[in-house]
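Heads up, the thing below is written out as structure tokens.
The values are calculated or read from the model by the stated rules, or taken from the named source; none is laboratory data. Note that the structure is a prediction, hence the values are computed from the model and not measured. Cβ: placed from backbone, ideal geometry, glycine included. Neighbour counts: every protein chain shown. Side chains are part of the model used for accessible areas, which takes the heavy atoms of the whole protein and leaves out ligands, DNA and RNA. Shrake-Rupley method; radii C 1.70, N 1.55, O 1.52, S 1.80 Å.
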Amino acid sequence: MNLIKYFLFTLLFIPFLCSCEESIDLFDLSLTDLLNLKVSIASKNDETIKNSPSSVTIFTRNDIDKMGITSWTELISQVPGFYSMVNPVEGNQSHIVMRGHAQTYANTLLILLNGHRVNDDYTGGINFFIQFMDLADVERVEIIRGPGSSIYGSNAFSGVINILTKPQNKISVGLGDFGAQKLLINTSHTLGDWQLGASLSLFKDDGYHYNDVFDRNEIQTTTRDPRESTQLRAYLTHKDTKLFAQLLDTKRSDYYLFRRLRDGVNILELQHFMAGIDQRIYNSETMSWDISTSYQQAKRRELGALVPKGEVPFEQVDFLFGTDFKYHAIDFALNGKYQLNEDFKINTGLSYSQSQVPDAYLRSNFDIYGDSSQLPEVITFDQDEQRTVLDKKREISSAYLQTQWQVTSALQMTAGLRYDGYNDINSALMPRFALVHHLNEKQTIKFLHGQAYRAPSLGDMYDEESGLTQGSQDLEASEISTTEIVYLHSYTQSQFTATLFSNRQTNIIGYKANENGVHALDNIAKNDVEGIELELIWQPIDSFRLVSSATHLSKNKTHLEQSSGLPKSEDLSPDSLLNFSAYYQYQSWSFNLNGNWRSKVKVLDEGSLWLLNSHIKNQLSKEVSLSLTISNLLDESYATSSHTSLGVDENVQAFPARGRQTILKLSYNF
């Protein structure tokens, strides 16, 4: 805490030591600008939020900087109806609550990076191969709250997030609690028709010290969660061609792995590479065509103590156990737009994707496929017959068609349909329909209906898991049908939005024991949710703005067959949510207080929870700024929920979360 005290003391004298005469923009967008801001995530057409045929939330670079947020998992709790249950290491049991629905790997939320799919086909989610992805050079983040499969296909189930990046000329250095060190270098250059950019983000800390933690083996009562990450992005733009690439390397140790603690042993290393190209091949006043392609390659390597030494037959050493995974995927897409006349627009597209898990093996210091004898070192069991995931290739061929008709000057209708054909499961056909009616210049009402699905992942279908659990090739896709009624009202100093929504989910995938006692995946549940979201933006004076939302579920009911391994959504999700971000600027100083509140979660041994964060910034000059970010300002002791118990005889579904953490950052814009 000495670093904080020194920083706050120094800030008191900064106004007297520098000249900050240049005016600083208080907000990059006025309230009117917000409503007229063009977004493309909802229909692949540039349109205002008022006209968008979906419930849309958007964060600009300025919004994110003001809150001091650096990761999408933090940002998600500022979205109406969404709540992050991502644990400190973004582990497999992490999930995002979206309108009452919670799923491991966040595999019912589609993540896009510059319009290209990030979710892997092994889990259907993101955090199995990607953790600690930084928003270092984000331009803005567009979010659909609700289904998006009629445009984006599988996993656009409860929401879609498109992270749009654009490098700027900036260098920042940060230091903080737990030995945290952060370096960010962003650069962008224009050479004639060429634009080149790159960003480098480095982070490392020694981990938060947790006390009184649960350990199923009763060996330790404390742990840490040290981590380090390297993220590199590169960009190249030339006329109608755009190319980007991202390399993300992360490493974390200790804390929970395989739901077990063993400090000094547990370790997880991830590497993810992604590249995408977008090319405009035809453009006229009424028609345009684009082609795009992207490629992903990922590695996951982990090792933990499955059984501690001392237990029979592991009297001398820990029984070490881990995995060695590789994944790759490629996709191609052709997208077109046609403006038939002033009132009628058509969007259409074709796509093809292919994904595979070429390597999926176990690692151990015991001969787990032989006589179980101890080995001189940890080895990878990489014979074909030792694969933990069958060597299957997934191929998806898709086509979609969407029409938008301006029926009158005040009424717009959108209708769409997407077909996805799979080589290993049944095909999917997902429709959408939306009406947007402007009652007057200040009031708009929307009626939205859409269906979406989550395809069984490669892991769901082809996991072998050494005979403990197994996938099923008879699985059907989980489906959701969503209806929304949205009311927007803009005032001189505020904007208000109310959204009523109803979700019906079927064919939810979970485990149940077969006749041999093996836990196999099956479609075992359905869920019904009804609720309301209220949003408010209030700016009574030029230097202050409040953004807030509240969500309440009037119904969250899961109908579950006999099973194990699948908790009910209502047991993992709070019934009520509240979030806010309050920003105030005085001369060269800016202050932000943001936070979220949730009601009680059944599987957690705690009541409701407030989490507050703050961000203080002083603009020393036009180029230089100094900021302090404090996460978990009140140093709350809390936990995130887990789908599966950490214990054997004891049901513990709580991962301890980090306490208060501060980061002091010096930034230079050039």
Label-point separation in nm, Thr492 to Asp649, each point 7 Å along Cα→Cβ: 7.0
Under the Karplus relation 6.51 cos²θ - 1.76 cosθ + 1.60, θ = phi - 60°, what is the ordered set of whole-Hz ³J(HN,Hα) values for segment 323-334, x standing for Gly and Pro? 10, 9, 10, 9, 9, 8, 8, 9, 9, 10, 8, 10
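Ranked from highest to lowest mean number of other Cβ atoms within 10 Å per residue, what is the order of the peptides 241-251, 46-56? Don't jump to the answer; show the numbers that get you there.
Values: 241-251: 18.4, 46-56: 20.7.
The most tightly packed comes first, giving 46-56, 241-251.
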Hey, which lysines would be in cross-link range of Lys526, C-alpha to C-alpha under 28 Å, not counting anything within fewer than 8 residues on its own chain? Lys446, Lys512, Lys555, Lys557, Lys568, Lys600, Lys602
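If you place +1 on the Cβ of every Lys and Arg, -1 on the Cβ of every Asp and Glu, and leave all else neutral, what size is the dipole of the chain about its Cα centre, to the nearest 20 Debye? Walk me through the numbers before you get to the answer.
Working: 58 positive and 80 negative charges, 342 e Å.
It works out to roughly 1640 debye.
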What's the center-to-center distance, using Cα atoms, between segment 267-313 and segment 195-218 in Å? 20
Over 30 Å between C-alpha atoms is what I'm after, so list which of Lys66/Lys182; Lys50/Lys170; Lys345/Lys442 land there. Lys50/Lys170
Treating only the Cβ of Lys, Arg, Asp and Glu as charged (+1, +1, -1, -1), what charge dipole size does segment 123-193 show about its Cα centre? Round to the nearest 20 debye. 100
Could you tell me whether segment 117-225 comes out rounded, prolate or oblate from its Cα gyration tensor? Rule is a ≥ b ≥ c as square roots of the eigenvalues, rounded for a/c under 1.5, then prolate if a/b exceeds b/c, otherwise oblate. oblate
Cross-link pairs beyond the 27 Å C-alpha cut-off, checked among Lys299/Lys337; Lys242/Lys337; Lys239/Lys622; Lys204/Lys239: Lys299/Lys337; Lys239/Lys622; Lys204/Lys239
What FRET efficiency, computed as 1/(1 + (r/R0)^6) with R0 = 41 Å and r the Cβ-Cβ distance, is obtained for Ala582 and Glu228, rounded to the nearest 0.05? 0.80
When the accessible area of segment 110-154 is split by element with a 1.4 Å probe, what percent falls to carbon and sulfur? 45
Please compute the net charge surrounding Phe433, taking Lys and Arg as +1 and Asp and Glu as -1 over other residues with Cβ under 14 Å from its Cβ. +2
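Go ahead and estimate [θ] at 222 nm for the chain from helices alone: -39,500 (n - 2.57) per DSSP H run with n ≥ 4, summed, over the residue count, rounded to 500. Working shown, then result.
Numbers: 7 runs with 46 residues, N = 670.
Computed ellipticity for the chain at 222 nm equals -1500 deg cm²/dmol.
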FRET efficiency (His238, Met413; Cβ distance; R0 41 Å; to 0.05) is 0.60
Carbon and sulfur together cover what percent of the accessible area of segment 337-438 at a 1.4 Å probe radius? 52
Report in % the part of the accessible area of segment 177-304 that belongs to carbon and sulfur, leaving out ligands and nucleic acids; probe 1.4 Å. 52
Within a Cβ distance under 11 Å of Val39, other residues only, what is the Lys/Arg minus Asp/Glu net charge? +1
Residue-normalised value, i.e. accessible area per residue, for the chain at 1.4 Å probe, in Å², stands at 43
Put +1 on the Cβ of each Lys and Arg and -1 on the Cβ of each Asp and Glu in segment 112-166; which of Met133, Thr123, Gly146 then has its Cα farthest toward the positive end of the dipole? Gly146
Order by protection proxy (mean Cβ within 10 Å, highest first), peptides 382-394, 477-489: 477-489, 382-394
Label-point separation (nm) for Gln374 and His189, each offset 7 Å from Cα along Cα-to-Cβ? 5.7
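For Thr403 and Ile291, what does the FRET efficiency come to when R0 = 22 Å and r is the distance between their Cβ atoms, rounded to the nearest 0.05?
It comes out at approximately 0.50.
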Considering amide H positions built from the backbone, and no H for Pro or chain starts, which residues 5 or more places from Asp359, or on another chain, come under 5 Å of its amide H? Lys326
